[in-house]
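A short worksheet on the structure shown next.
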Amino acid sequence: MKAVEIDTISKVYPDGTKALNNVSFSVEKGEAVVLLGHNGSGKSTLFRSITSFEQPTSGEIRIDGITITGLKKRKLRPIRKKIGMVFQHFNLINNLSVFQNVLFGALGQTKFTFQTYSPFASKELRMKAMECLSRVGLTHLAKRRADQLSGGQQQRVAIARMLMQDPEIVLADEPIASLDPKAGREVMDLLWEIVRERGLTVVCILHQMDIAKEYGNRIVALKSGNVVLDSTIHALNDKFIKELYEKEVNEEGDEESIKVDVKKVGVL
Ligand SMILES: Nc1ncnc2c1ncn2[C@@H]1O[C@H](COP(=O)(O)OP(=O)(O)OP(=O)(O)O)[C@@H](O)[C@H]1O
Ligand SMILES: [Mg+2]
């Protein structure tokens, strides 16, 4: 069963910028795909299309077999609930407590918004928020204001908030780009541990090939809005990656699971 299907998606912004050009790939349930590409290659545009914050100009996106492109908000809501998001800049509410930020992960599960505010939240939700915080090792900071945490800690709070949502699919847009290498690695390790133990599907946008190779099952690379590489990690060999970066690819990779449009490769 496919969790995410991107079917010939193109996006042209109103100012004429072509951000995505007939992008197609799909992600199996439980698979971890790393989306790689340089600045401006269309990664975030694709991310926003999968979460329906942006409508593609053409093409279709399906989540668990349901077409979400063009879907009305009311019908979109239950599908969005399945998707947990992690962002580069954490997207916490800075002047609120860590605990309250995690509780907000339950938005969409309660009948009224105010039921996710700490004084009004049910005992069950409050306990669940503490469990999620415990999973990321931060129960001792529950009362602290979010902006009084280190970057790595803030991203762990964002992961706890995402867990509060009980997602089936995790989308992460450069989750470690604002962190130093040590904190970044800790966050990746934690995120990966959690997705493995829960069998979640992941699409994670990253910049660095070395990190991508370490964590993903598969790499999809974008360049100027085109998919230029779609390969399992297993099939990627170092020579091939080197060639990919050095613009020297002049023949197709011989392994079946590598699909590269050689003409479009260049420097990723
Ligand atoms: N709202 C917008 N209006 C017009 N052009 C846009 C808009 N958002 C993005 N773009 C353009 O679309 C292209 C793809 O941008 P996008 O943000 O998807 O790239 P990205 O791969 O996420 O880059 P980065 O690594 O810098 O985050 C870029 O040329 C960008 O300038
Ligand atoms: Mg981006």
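The chymotrypsin sites (Phe, Trp or Tyr not before Pro) found in the stretch 36-93 that occupy coil by DSSP, while having at most 14 further C-beta atoms within 10 Å, are Phe53.
Considering only Val12, Val98, Val203, the Gaussian network model of the chain with Cα springs below 10 Å gives its largest mean-square fluctuation to Val12. Between the beta carbons of Lys72 and Asp166, assuming R0 = 22 Å, the FRET efficiency works out to 0.40 to the nearest 0.05. Helices in the chain, meaning DSSP H runs of at least 4 residues, each add -39500 (n - 2.57). Divided by all residues, the mean residue ellipticity at 222 nm is -9000 deg cm²/dmol. Would you look at the GNM of the chain, springs on alpha carbons closer than 10 Å, and say which of Ile205, Ile68, Ile93 moves the most? Maximum fluctuation in the GNM of the chain, among the listed residues, is at Ile93. With a Förster radius of 25 Å applied to the C-beta separation of Glu60 and Asn217, the computed FRET efficiency comes to 0.55. Spacing of the modelled spin labels on Lys182 and Lys123, each 7 Å from Cα toward Cβ, amounts to 4.2 nm. Bridge orientation summary for the chain: considering DSSP beta bridges with both residues in this region, about 55 percent are antiparallel. Near Asp64: Cβ cut-off under 9 Å, other residues only, Lys/Arg at +1 and Asp/Glu at -1. The net charge is +3.
Between Lys143 and Val12, residue separation times 0.36 nm minus the direct Cα-Cα distance comes to 42.7 nm. Close amide H pairs (under 5 Å, H built 1.01 Å from N) link Lys223 with Val228, residues at least 5 positions away or on another chain. Relative contact order of the stretch 52-140, please, whole-number percent, based on alpha carbon pairs below 8 angstrom and at least 6 residues apart. Here the relative contact order equals 16 percent.
Here's how it looks for Ser26: its modeled amide H is under 5 Å from those of Ile6, which are all 5 or more places away or on a different chain.
Identify the trypsin sites (Lys or Arg not before Pro) of the stretch 90-138 meeting these criteria: DSSP loop state and at most 15 other C-beta atoms within 10 Å of the C-beta. Sparse-neighbourhood loop trypsin sites (Lys or Arg not before Pro): Lys111. Here the relative contact order of the chain, from alpha carbon pairs under 8 Å that lie six or more residues apart, stands at 23 percent.
Go through Lys43/Lys75; Lys18/Lys73; Lys75/Lys111; Lys82/Lys128; Lys43/Lys213 and tell me which ones have a Cα-Cα distance over 23 Å in this structure. Violating the 23 Å Cα-Cα cut-off are Lys43/Lys75; Lys18/Lys73.
Axis of helix 151-164 versus longest Cα principal axis of the chain: the two differ by about 80°, to the nearest ten degrees.
3J(HN,Hα) couplings calculated from phi for the stretch 103-114 with the Karplus curve 6.51 cos²θ - 1.76 cosθ + 1.60 (θ = phi - 60°) are, in sequence order, 4, 4, x, 8, 4, x, 9, 9, 5, 10, 4, 4 Hz; Gly and Pro show x.
Highest mobility in the GNM of the chain, judged by mean-square fluctuation with C-alpha springs under 10 Å and restricted to Lys143, Lys82, Lys223, is found for Lys143.
A short reminder: the numbers here are calculations on the coordinates, not readings from a lab. Given the structure is predicted, the values throughout are model-derived calculations rather than measurements. Here Cβ is always computed from backbone atoms with ideal geometry, including for glycine, and neighbour counts include all displayed protein chains.
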